[in-house]
Amino acid sequence: GCNPLAETGRSKLQNQRAVLNQQILRAVRMRAGAENLLRATTNNKVREQVLLELSFVNSDLQILKEELEGLNISVEVYQNTEETFSIPLVPLGLKETKEVDFTLPLKDFILEHYSEDSSEYEDEIADLMDLRQACRTPSRDEAGIEMLISYFLQLGYVENRFFPPTRHMGVLFTWYDSFTGVPVCQQNLSLEKASILFNIGALYTQIGTRCNRQVQAGLENAVDAFQRAAGVLSYLKETFTHTPSYDMSPAMLNVLVKMMLAQAQECVFEQIGLPGIRNEFFTLVKMTQEVAKVGEVYVLVNTAMNQEPVKENIPYSWSKLAQIKSDHYKALAHYFLATILCDHELQSGDDEDEQEKALSQLYDYLPEGLMVLTVLKDKVQRKQLGKAHLNKAIVYHEEALRVCGLCKKLRNIDVLQEVLTAAHKRSLLKYAQQETEDDFLSLIQAPDILPKTEHKIDAIPPQFSKVKVKDFFHRLGPLTVFSAKQRWTAPRTIRIHREAGELGFSLKGGSPVQIYCLDPLCPAASMGLKEGDYIVSVGGVDCKWLGVNEVLEKFKSMGEQTIEIEVIS
């Protein structure tokens, strides 16, 4: 993990988040205490004082939640440091947690359940705790992702080894909701695993926003990172359906997945336009469809953000940014289409059929009295429809600027204001160029543009198998046998005296090997060996991971002397 004391912009934000979480926790506890007192008391004077105190606590909580929202929209810190002229992308902040001490619960369980000396496993327990601690401050790159995934996979082993389905282990996991700051505590590993998955998704979003969007490779990486973030959050939604933390509820995760895929689609459009947009008929048709697609996905994101129950907890500035982006990109689509109509009159050498086919793909319908071919051929109709699209573009630009002005957090993002204003001025200039003194054309209503993309954006499912992890508690034996779900006796020592070189039993199975075809009259049986017993050590050497041939080799190496084995039933 990164140095938790490093004074980077991102770590300062994360530290502020941790402090806010503690303040929210205190306020929530005070509110709970005041509400309990209110229910319990009948004294009117006490009730008045408690109600006054409650109003103070509730206003405090509201202020703290607004501060937390401010952290969630502090997007500039996460963007690439290169000078850029792009609308900022939104990352997710990492969920904060409290420290967990695994030492006593795991050592007790090793002694009680596995009948082993727990002091021999102190290093493994320390490794697990170190890994968890490092996961609180992962580096914002592939190594950070790999570390979080390795801890997630390690938790799978820990759950199977130490967390029986029938009882709690006494380990309390506490994680804070990334939107409300309210803590959630659970004794099972589901909360821990789900929160780590959320942080893997969040880290991918931070990697995506950090990419340099001024170069092709940077945009490709950004698209990939947002697709992977969406994939991890989708996996979280499908795998952990009852997480008590609101930021990981199915409704909220559904919105976050949509948001990440929309940001990936936005980067795809930037990728297509990066070399520059040629003022050529078919190029502009393609750009119109692509940018209309970005506008459409942000409309869906904005709609999802304004649905109950998500609306209450999603940062207000996020839903406003989604609305601004939907208006901005729809405005660009109308601007590109207006440029096609105003700048590209049908020439004698042009392929009339191809242009008609391309233009008709942009419309579901045309205003009454207009047809695609006549619009292409008729200069007056072209200008009329082009101006209608420019007018609609200006309306969308103005709406985007209006919404941006209404939100205090977004007003302070300079680059957002600059991009929106520049696009608005460009449309106004284009409109002014079309105006002439004798221009009495009646303005028709511009039809909607059909979105289409050649770059389908899908969530990329997490590929956990690519990260190779060794079980920290490998020495306890194969997980199929030595798990928290299985019950067995404490190890018993059996001394075997060979009779004419015979053991009196056979061995079967993989590792660990089992006693098979035991002769009930042999010396080993009289010492307590049973059919189906597992051999865990031979001559004081652990053999839980050895197969039949390797165990037989050990027997042979001891010659005629007495063989001492340890078995469990």
Set 193/408; 237/320; 408/466 screened for pairs whose C-alpha atoms are more than 32 Å apart: 193/408; 408/466
Per-residue HN-Hα couplings for the range 330-336 [Karplus 6.51, -1.76, 1.60; θ = phi - 60°; Hz; x = Gly/Pro]: 5, 4, 4, 4, 5, 5, 4
Going residue by residue through the range 235-246, the Karplus relation 6.51 cos²θ - 1.76 cosθ + 1.60 with θ = phi - 60° gives ³J(HN,Hα) values, rounded to whole Hz and with x marking Gly or Pro, of 4, 4, 5, 7, 8, 10, 7, 10, 6, x, 7, 5
What FRET efficiency, computed as 1/(1 + (r/R0)^6) with R0 = 22 Å and r the Cβ-Cβ distance, is obtained for residue 463 and residue 139, rounded to the nearest 0.05? 0.70
Please identify the GluC sites (Glu not before Pro) of the range 294-379 that satisfy two criteria: DSSP loop assignment and at most 10 other Cβ atoms within 10 Å. Which are they? 368
Are there chymotrypsin sites (Phe, Trp or Tyr not before Pro) in the range 522-560 that DSSP puts in a loop and that have at most 15 other Cβ atoms within 10 Å, and which ones? 545
Where the Cα atoms of the chain are projected onto their three principal axes, how long is each span, largest first, in whole Å? 118, 79, 41
Between residue 488 and residue 254, what FRET efficiency comes out of the Förster formula 1/(1 + (r/R0)^6) with R0 = 41 Å and r the beta carbon distance, rounded to 0.05? 0.40
Across bins of 5 angstrom width beginning at 0, how are the C-alpha pair distances of the range 80-275 distributed, in whole percent? 1, 7, 15, 18, 16, 13, 10, 7, 5, 3, 2, 1, 0, 0
Solvent-accessible surface (1.4 angstrom probe) belonging to residue 123, in square angstrom, nearest 10: 110
Stretch residue 282-residue 53 to full length: gain in nm at 0.36 nm per residue minus the Cα-Cα span? 75.8 nm
Let me cross-check residue 493: its accessible surface, 1.4 Å probe, with only protein heavy atoms counted, in Å² to the nearest 10? 60
Per-residue accessible area, 1.4 Å probe, largest first, puts 429, 479 in the order 429, 479
What's the carbon and sulfur percent of the chain's accessible surface, probe 1.4 angstrom, rounded to a whole number? 51
Restricting the range 477-531 to GluC sites (Glu not before Pro) in coil, as DSSP defines it, with at most 13 other Cβ within 10 Å: 531
Between the range 515-535 and the range 257-281, the alpha-carbon center distance in angstrom: 71
Could you work out how much longer the chain between residue 506 and residue 351 gets when fully extended? Use 0.36 nm per residue separation minus the Cα distance between them, nm to one decimal. 47.3 nm
Probe 1.4 Å, all chains present, heavy atoms only: residue 380 accessible area in Å², nearest 10, is 80
Would you mind working out the accessible area per residue for the chain, using a 1.4 Å probe, and quoting it in Å²? 47
By how many nm would the segment from residue 22 to residue 239 grow when fully extended, if each residue of separation counts as 0.36 nm and the alpha-carbon distance is taken off? 75.2 nm
The long-range amide H neighbours of residue 536, using H built 1.01 Å from N in the peptide plane and a cut-off of under 5 Å, are 566, 567, 568
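The values are calculated or read from the model by the stated rules, or taken from the named source; none is laboratory data. Please read all numbers here as calculations on a predicted model, not as lab measurements. When we count neighbours, we look across all protein chains shown, and the Cβ atoms used for this are built from the backbone with ideal geometry, even at glycine. Note: accessible area is taken over every heavy atom of the protein model, side chains too, but ligands, DNA and RNA are not part of it. Shrake-Rupley method; radii C 1.70, N 1.55, O 1.52, S 1.80 Å.
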